[in-house]
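One structure is given here, and the rest of the page talks about it.
The values are calculated or read from the model by the stated rules, or taken from the named source; none is laboratory data. Bear in mind the structure is a predicted one, so any value in this text is a computation, not a measurement. Note that each Cβ is placed from the backbone with ideal geometry, even for glycine, and that neighbours are counted across all protein chains shown.
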């Protein structure tokens, strides 16, 4: 296995950030690592890249243990943190040469790898600019280039497209797809379209525990047996008015008079919804049924404040 995590636990004082996390990544996989803020994604990645130690459990990368052999892990791992740390006063090519030397590259090998990564990451026209002069998208490209300089087996990317505009997002997404063909990649993101475009497998973490680990197609299939309806009223209403309708399994308030309902696959709840709205003199301004999507799976798995009964 390229990355193997067993019973990983991390405790910060009174807070247990990770609670027995376990999963494995096989060579050549591209895996999306999803979860709400504070779920434990970045903590897991920092432990896997030897930036912080685990409290308990084991993490091995390419057979190297993060506690017993951190240098062995770093030699075969490329890491782009959530907040891309760059020396803004350096030129792009200058920074990449500096990073390459830290990886142990030198001479012709260093020159060749810097040139290759400049080309692969689309930095040819920017390589003689100071990093401070680059856009957010190009700074992310520089971060990816440094993560790839030493030709790592495993690539760990923490929200690599965070803060990018739509054009930059498409460019960086294509770049990740291109460079990951011969590597094992795990990346965290809040953008569901990223996972749907890049990944075949999804791992979902919530409150420090893995709540799903499956292929994208299987996760979508597991939720396709139910119905998701989004209903919008002219004003806010009491959630209980919706929760008591026969066939409604859960209600989530989306804000501004909008509610997301999870309903039994065998019950058409729309007539009851219209009757309830009429009886209570509520103006219903919208009703639509959602197709099963990764976003709905994410909501269901992470329990984003649904009301169950």
- Message: So, residue 51, is that one touching a strand residue (DSSP E or B) at 6+ places or on another chain (Cβ under 6 Å) and surrounded by 14 or more Cβ atoms within 10 Å (Cβ to Cβ) or not?
- Response: no
- Message: Looking only at the range 66-92, filter to residues that are outside any loop (DSSP other than H, G, I, E, B), touching a residue at least 12 places away in the same chain (Cβ under 8 Å) and surrounded by fewer than 18 Cβ atoms within 10 Å (Cβ to Cβ); which one of those is farthest from the chain's Cα centre (by Cα)?
- Response: 91
- Query: Hey, residue 42 hits all of (1) under 22 Å from the mean Cα position of the chain (by Cα); (2) surrounded by fewer than 15 Cβ atoms within 10 Å (Cβ to Cβ); (3) part of a helix (DSSP H, G or I) but one; which does it fall short on?
  - Reply: (2)
- Message: I'd like to know if the range 146-155 contains one or more residues that are in contact with a strand residue (DSSP E or B) (Cβ under 9 Å, 6 or more places away or on another chain), at positive phi, at pLDDT below 95 and buried (at least 19 other Cβ atoms within 10 Å of the Cβ).
- Response: no
- residue 50 fails exactly one of the following numbered conditions: (1) closer than 30 Å to residue 211 by Cα; (2) touching a residue at least 40 places away in the same chain (Cβ under 8 Å); (3) in a loop (DSSP other than H, G, I, E, B); (4) touching a helix residue (DSSP H, G or I) at 6+ places or on another chain (Cβ under 6 Å). What is the number of that condition? (2)
- Looking only at residues in the range 118-145 that are touching a strand residue (DSSP E or B) at 6+ places or on another chain (Cβ under 8 Å) and in a loop (DSSP other than H, G, I, E, B), which one is surrounded by the most Cβ atoms within 10 Å (Cβ to Cβ)? 127
